[in-house]
Amino acid sequence: MRKPLIYGNWKMNLNMQESADLIASMLSIKIDYTKVDIGVAPDFCSLAKVADTIRSMGYDISVGAQNISVEEKGAFTGEVSADMVLSTGADTVIVGHSERRAIYKETNKEINAKVRAALRNNLKVILCVGESLEEREASVAKDTVLYQVGMGLHGVNMDRMNKVTIAYEPVWAIGTGKTATPADAEEIHASIRAHLSKMFGPVVANKVRILYGGSVKPDNVSALMMRENIDGALVGGASLDATTFGKLINFNS
Ligand code: PGA
């Protein structure tokens, strides 16, 4: 059985004080931590503050960065290394989000280098994949997504796959209010798992959590989570309000 994981991606929305306020509100919500794993991805500047708040109150909530450098150290002005992220108390990094692919032109090759840099430094990875509207309409959604999975995890040792989560986020569903139907999402999730099985074998593939992302809200989360291969959600907009995010986390209570 894969334990559900609900992860909030705060994107570039909150300054450090606002991030501190949001995590404080989240921690005041009653959650059954035996049923669900939770994580939040603040901006780089707020990572340490959020991680400190969570740990000092004794909670087991993952803290993730939204990006990292492929480089380890050196003259790379403006970059943030995996080791720097770890040193804030964060344990995870989101790699290959569609906003990074589309706006910052990150390639599958670069995303693969980031995945490997993170894993080399013992950071967990949430690897995001997803097709554009044009790709869906051209009936190449599945091919696109499986190519991204294969490229993103190229050269990753199967022993490190326990640190990898996949997030399937159809680009046309992110921040638009549109969601894939649970059946459509399940079809892609199942094919991602089959692909992981080809790459790493069925035992590893069955343990990897595959999250769905794209306009996940309290009113659609349960139908998505009922599907066999949907193991959680990567949530943007709805993670910025503690009460709404709390409803998502408590989807099965
Ligand atoms: P959304 O974003 O929930 O606002 O659609 C999801 C994401 O970008 O991870």
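The values are calculated or read from the model by the stated rules, or taken from the named source; none is laboratory data. Keep in mind that what you see is a predicted model, and the values were worked out from it rather than measured. Cβ placement follows ideal geometry from the backbone for every residue including glycine, while neighbour counts extend to all protein chains displayed. To get the accessible areas, we keep the full protein, side chains included, count just its heavy atoms, and leave off ligands, DNA and RNA. Shrake-Rupley method; radii C 1.70, N 1.55, O 1.52, S 1.80 Å.
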Checklist entry - away from the ligand (no atom under 16 Å from the Cβ), surrounded by 19 or more Cβ atoms within 10 Å (Cβ to Cβ) and not in a helix (DSSP H, G or I), is that true of ASN252? => result no
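Could you tell me which of the residues GLU106, GLU131 is within 25 Å of MET199 (Cβ to Cβ), open to solvent by less than 60 Å² (accessible area, probe 1.4 Å) and touching a Phe, Trp or Tyr at 6+ places or on another chain (Cβ under 9 Å)?
Working: GLU106 fails: touching a Phe, Trp or Tyr at 6+ places or on another chain (Cβ under 9 Å).
Exactly one residue qualifies, and that residue is GLU131.
List the helices (runs of 4 or more DSSP H) inside the stretch 33-141, counting only whole elements, that have at least 2 residues being farther than 30 Å from PHE251 by Cα and of a type outside the set (Ser, Thr, Tyr).
Values: elements: 47-56, 82-87, 98-103, 108-120, 133-137.
In the stretch 33-141, 82-87, 98-103, 108-120, 133-137 are the helices (runs of 4 or more DSSP H) which contain 2 or more residues that are farther than 30 Å from PHE251 by Cα and of a type outside the set (Ser, Thr, Tyr).
Tally the residues that are touching a helix residue (DSSP H, G or I) at 6+ places or on another chain (Cβ under 8 Å) and surrounded by fewer than 19 Cβ atoms within 10 Å (Cβ to Cβ), restricting the search to the stretch 82-99. Spell out how you get there, then give the answer.
We begin by selecting, within the stretch 82-99, every residue touching a helix residue (DSSP H, G or I) at 6+ places or on another chain (Cβ under 8 Å); these are 82, 85, 88-90, 93, 95-96, 98.
Still in the list and also surrounded by fewer than 19 Cβ atoms within 10 Å (Cβ to Cβ): 89.
Here the count works out to 1.
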Checklist entry - When the stretch 171-207 is examined, which residues are found to be among the β-branched types (Val, Ile, Thr), free of Cβ contacts under 8 Å to residues at least 60 places away in the same chain and in contact with a strand residue (DSSP E or B) (Cβ under 6 Å, 6 or more places away or on another chain)? => result ILE188
Checklist outcome for this item: Here the residues within the stretch 187-224 that are away from the ligand (no atom under 16 Å from the Cβ) and assigned to a loop (DSSP other than H, G, I, E, B) are GLY201, VAL208
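Is at least one residue of the stretch 11-20 more than 30 Å from SER253 (Cα to Cα), part of a loop (DSSP other than H, G, I, E, B) and among the charged types (D, E, K, R)?
First pass over the stretch 11-20, keeping only residues more than 30 Å from SER253 (Cα to Cα): 12, 15-17.
With part of a loop (DSSP other than H, G, I, E, B) added as a condition, the list becomes 12, 15.
This time we only want the ones that are among the charged types (D, E, K, R), so: none.
No: the stretch 11-20 contains no residue that is more than 30 Å from SER253 (Cα to Cα), part of a loop (DSSP other than H, G, I, E, B) and among the charged types (D, E, K, R).
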Item to check | Number of the exception - GLY175 against (1) open to solvent by 50 Å² or more (accessible area, probe 1.4 Å); (2) closer than 22 Å to SER132 by Cβ; (3) out of contact with any Lys or Arg (no Cβ under 8 Å at 6 or more places or on another chain); (4) assigned to a helix (DSSP H, G or I) | outcome: (4)
Checklist entry - Inside the stretch 75-112, can you point out the residues that are among the polar types (S, T, N, Q) and in contact with a Cys (Cβ under 9 Å, 6 or more places away or on another chain)? => result SER98
Checklist entry - If you go through the stretch 225-237 one residue at a time, how many are within 13 Å of the ligand (Cβ to nearest atom) and open to solvent by less than 10 Å² (accessible area, probe 1.4 Å)? => result 4
